[in-house]
1. Conditions first: (1) more than 21 Å from B:HIS474 (Cβ to Cβ); (2) more than 8 Å from every other protein chain (Cβ to nearest Cβ). B:GLY547 passes all but one, so which condition is the exception?
2. Is there a residue in the stretch B:426-447 that is within 11 Å of chain A (Cβ to nearest Cβ) and part of a loop (DSSP other than H, G, I, E, B)?
3. Given the conditions (1) modelled with pLDDT under 95; (2) within 22 Å of A:GLY473 (Cβ to Cβ), report the number of the one that A:ILE593 does not fulfil.
4. Mind checking which strands (runs of 3 or more DSSP E) fall wholly inside the stretch A:500-603 and carry at least 1 residues that are among the hydroxyl-bearing types (Ser, Thr, Tyr)?
5. Of the conditions (1) under 30 Å from A:SER231 (Cα atoms); (2) in contact with a helix residue (DSSP H, G or I) (Cβ under 8 Å, 6 or more places away or on another chain), A:LYS138 satisfies every one except a single condition; which number is it?
6. Output the number of the condition that A:ILE239 fails; it satisfies all remaining conditions of (1) within 30 Å of A:PRO61 (Cα to Cα); (2) modelled with pLDDT of 95 or more; (3) part of a loop (DSSP other than H, G, I, E, B).
7. So which residues in the stretch A:66-100 are out of contact with any strand residue (DSSP E or B) (no Cβ under 8 Å at 6 or more places or on another chain) and polar (S, T, N, Q), if there are any at all?
8. Could you go through the stretch B:136-152 and let me know if any residue there is within 12 Å of another protein chain (Cβ to nearest Cβ), in a helix (DSSP H, G or I), over 23 Å from B:ALA77 (Cβ atoms) and modelled with pLDDT of 95 or more.
2 protein chains.
Amino acid sequence: MAVTVDDKTVAELRNLADRLRIDSIRATNASKSGHPTSCASMAEIMSCLFFRVMKYKLSEPRDKSSDRFILSKGHAAPILYSAWAEAGLFPVEDLMNLRKLDSDLEGHPTPRLNFVDVATGSLGQGLSVACGMAYVGKHFDKASYRTYCLIGDGESAEGSIWEALHFAGHYRLDNLCAIFDINRLGQSEPTSLQHNMEVYRKRLEAFGFHAIVVDGHDVEELCKAFDEASSTLGKPTAILAKTYKGYKFPTISDELDWHGKPLGAKADEVIQAIEQQMQPGTSTGVPHIAEPVNDAPEVNIDDVRLSAPPAYKMGEMVATRLAYGTALAKLAEHNPRVIALDGDTKNSTYSDKIKKVSAERYIECFIAEQNLVGVAIGAGCRGRTIPYTNITCVGSHAGVSIGEDGPSQMALEDLAMFRAIPGSTVFYPSDAVSCERAAELAGKTKGICFIRTSRPNTAVIYENEQAFSAGKGHVVRNHDEDDLVIVGAGVTLHEALKASDMLMESGIKAAVIDPFTIKPIDHDLLVKEATRCNGRVLTVEDHYPEGGLGEAVASTLAEQRNVIVKILAVREVPRSGPPEVLLEHFGIGAKAIAEAAKKLVAL
Amino acid sequence: MAVTVDDKTVAELRNLADRLRIDSIRATNASKSGHPTSCASMAEIMSCLFFRVMKYKLSEPRDKSSDRFILSKGHAAPILYSAWAEAGLFPVEDLMNLRKLDSDLEGHPTPRLNFVDVATGSLGQGLSVACGMAYVGKHFDKASYRTYCLIGDGESAEGSIWEALHFAGHYRLDNLCAIFDINRLGQSEPTSLQHNMEVYRKRLEAFGFHAIVVDGHDVEELCKAFDEASSTLGKPTAILAKTYKGYKFPTISDELDWHGKPLGAKADEVIQAIEQQMQPGTSTGVPHIAEPVNDAPEVNIDDVRLSAPPAYKMGEMVATRLAYGTALAKLAEHNPRVIALDGDTKNSTYSDKIKKVSAERYIECFIAEQNLVGVAIGAGCRGRTIPYTNITCVGSHAGVSIGEDGPSQMALEDLAMFRAIPGSTVFYPSDAVSCERAAELAGKTKGICFIRTSRPNTAVIYENEQAFSAGKGHVVRNHDEDDLVIVGAGVTLHEALKASDMLMESGIKAAVIDPFTIKPIDHDLLVKEATRCNGRVLTVEDHYPEGGLGEAVASTLAEQRNVIVKILAVREVPRSGPPEVLLEHFGIGAKAIAEAAKKLVAL
């Protein structure tokens, strides 16, 4: 695949690389922070990609048929901004607003910018996202756009990168090109592999890539490598670019202790040195950008609903994990862009039910959950699919109620973790009807959704016609003049109902609330019921006490005078045993609830 | 390195493997759950390791000089228990108590058992722990014990495994032997590489290992490979064992859909078939176990203290991350077993200060944080060192107060996550004096400790002589008849103090509390001060509202009638900007606090 790159193009790409370098120096000097040396090592890669290789539209940076670019080393944001500015998307002068509070040109890229699909900056995550995009391009869009991901050599030590490489190799994603910017230096010392290019090559080849080692500052070599990547079929390509951190910055290039530092007083001198090397006679205007082939189909990801409503009998015993699988299949039946991902647990979580609707709409990610999440984000971020993933976004097998497998298999921190994600929605359905609706609602909700399903069978408590929405709880049991209100979710809601029966025998009236979502939590309902029930609230959860249901209720009621909240939760590392025994043993079974309720009423 | 294994040993090891197989079938049948087929694939590996290769003491399973064994695929726990039982540690009959609530023989191994150093079962974590043990053996203990880690092929897709392999290769841990049980089948489908042994070999070699492919059911080949591993210098060894899931189980071996299933009614027939193949005439008694060489030194990890007390001037501006570094160096000066780990951020977190005391006591883990945590656990779990790690156990650069780098660099969920870990202690020092003491206390505290340090300089507010302890807060400002109490931590404590000054000008008296630890939180002090201050509590944190300081305070006060808690926290994904501007912008600066306090008092 010898492709010749004409001298004029070579000269232009070189000069453009230097323009990007200079822009990055200026922008980080203006913000007095940032990573100009990390930009300089990848300047030629960026000029080749943005001004010769990639096909995209300035008029619509998120165009469905355009090539994708993911900057995994997000701290090199200034050169990404510079590339789009030099391409003509916005004025180059705007780069001087880098990192200012009123500018979207933040320290690391975020999707507030119309040319950024996913936020990067947390190292090691970009390649998984790129894999998700490439998988969708190849298998769902069946379109010709390509996906490029630029990875720093420091972050290539992250295990998530190797999970993603394995995924790309396994699925032979030949529409993916991973570029490693191997500039030898980390933040605090050289990387462990430094410029040992042959080790990189061996690793990438062993992971199923066509690997090409290049001088990352030679635009001719780079262009040839990109052309070779485009014409390599049956496997993804990795371009291993040997580069220098701070390349072309005199006295700074390839030196330690220049990570994340603007050049300050040295900037003028460095810019002058770079400008002196630039070749005169090449254009200084907006360069040519290749048009994409408009071959990605229109899709509708907004029309999300169950193909048929829930169909259960009241009191029927169904595990919510199974109801989730049933709902997933129904959602997939209705919308061809509903897909599911799992990490070799599809027969436990019931995500395999989508395979009966369409085997192609299931992506097996094997036991590599970080990559699974990244692939799901990549598959969903451009509005191309509605990805449902297990382990992460649907957590079955939560809590001590899984039983004999023991504590390492019991998710007891999942609510705390998912609640703490900004903009997240946390569903915790307690029966099959509400679980099917949770699965449906999740597909329509922006931001990260988590559905906590349960392993054991639980009784159906809602009519099939019951309406559900995020942030809206349900009073599932009440009496005139209740003495207290109990809030449970999942298995503990059913324990709360049993406790309410027991308490009635002792003459204590206990209302029971199903919050349905833990985030947002139904503030108004809780305030109303807490007030009605003498300010006595008892929460019970199959979760550690921190950050879960109890704290969600306590914090939403924290500004109410005259309300007390008693929190029942798993307060030690649990152990193996039968689920029903464990619930009582760890103080969240019906008896424990009834006992705590009696004490609360006696206060 | 041709080593002959005599026929008698071969026959005995084969029979022992079959005894382990049969034990695993019986135990999982008794518990009606568990993974007998996952045990069967590794039976020969276990018999060779436990009855020929490893040196250890039954009288003291955690003996400091004994070889270490980590079962990364923790779901194969029954065969681990069986190996120790057949070795003579406890009666083989006890295996029938597998997974019962009153037995420590849980579904997955936990360190409640005296022969288990770390809990496994969450896949992909064992090799990092083994790396930590091997690093300590080679560089700190300088002893001859070896570390063996058995990894499942399914879990070898986890990125954390590749982080660990890279670490082992980089540090040439030739006292480490990783054994891959490549039994071809995952839980729900074949693994992605199935029996493609040459791909495994290439990957392992590219990661710096001496890789040996063997028939994992041939004890002679296994013994030779283990001998070769022991005599291979300058690099770690990986034994890539081609095995079959359910090996020797007729109609089950190498078949799908037998993951995690006891044999039930088929058990007798299978046991019979195995017994028929066993060679008569070999011993059925307790096999020979090699004695360890007693060459690991005695160490004292309990004597943890600062070599000199804090020495700051009141009001001096010092970042707590810097005070942490200073304390780390002082702790290292006092105790030679204090070590530090970091992931290429040592010049930002100041963990590099330990290098001035002793460069060898610093372990660079590069940008691979999962492995960093595992290595720290491995280094600490046998009481051989007191590891301090950054990114995980000391989180500097938390919150919006880091400023311009933007949201991907701001830890805003860290408190929620660390609080949710059972048995954890979460320190959040607000000045240099308390930070030095937090570092000291963490070294003496069991369980996972997290110290949240801050990037910006904050004023010293404590005398150098002030005493600190976990769970004990401090009233840093109070007046007669306070109208409310404000709880802040880190940067927000200083904002709270400024707010208290502002409020005084409006005639409102605000007490200020520094909780010092967020978990445990000082319940008694908070109840007392909340009561004294008219039941009005205002919390403010540089963290998302879920699971952090506010919810910790709200939940500990939840059972108090007549107390209200108002929570100020970062309620949206933040953005780049100067730290002091961001604090006000996101509603956690002094002005925002004062405003919220005024509203609270007016209620």
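The values are calculated or read from the model by the stated rules, or taken from the named source; none is laboratory data. What you are looking at is a predicted structure, and each value in this text was computed from that prediction instead of being measured. A quick note on method: Cβ atoms are made from the backbone with ideal geometry, for glycine too, and the neighbour counts reach across all protein chains shown.
1. (2)
2. yes
3. It fails just one condition, (1).
4. Ranges flagged: A:517-519, A:536-540.
5. Among (1) under 30 Å from A:SER231 (Cα atoms); (2) in contact with a helix residue (DSSP H, G or I) (Cβ under 8 Å, 6 or more places away or on another chain), A:LYS138 violates only (2).
6. Looking at each condition in turn, A:ILE239 falls short on (3).
7. Those that are out of contact with any strand residue (DSSP E or B) (no Cβ under 8 Å at 6 or more places or on another chain) and polar (S, T, N, Q): A:SER82, A:ASN97.
8. Here is the first cut: in the stretch B:136-152, the ones within 12 Å of another protein chain (Cβ to nearest Cβ) are B:151-152.
Applying the additional criterion that residues be in a helix (DSSP H, G or I) yields none.
The answer is no; no qualifying residue exists.
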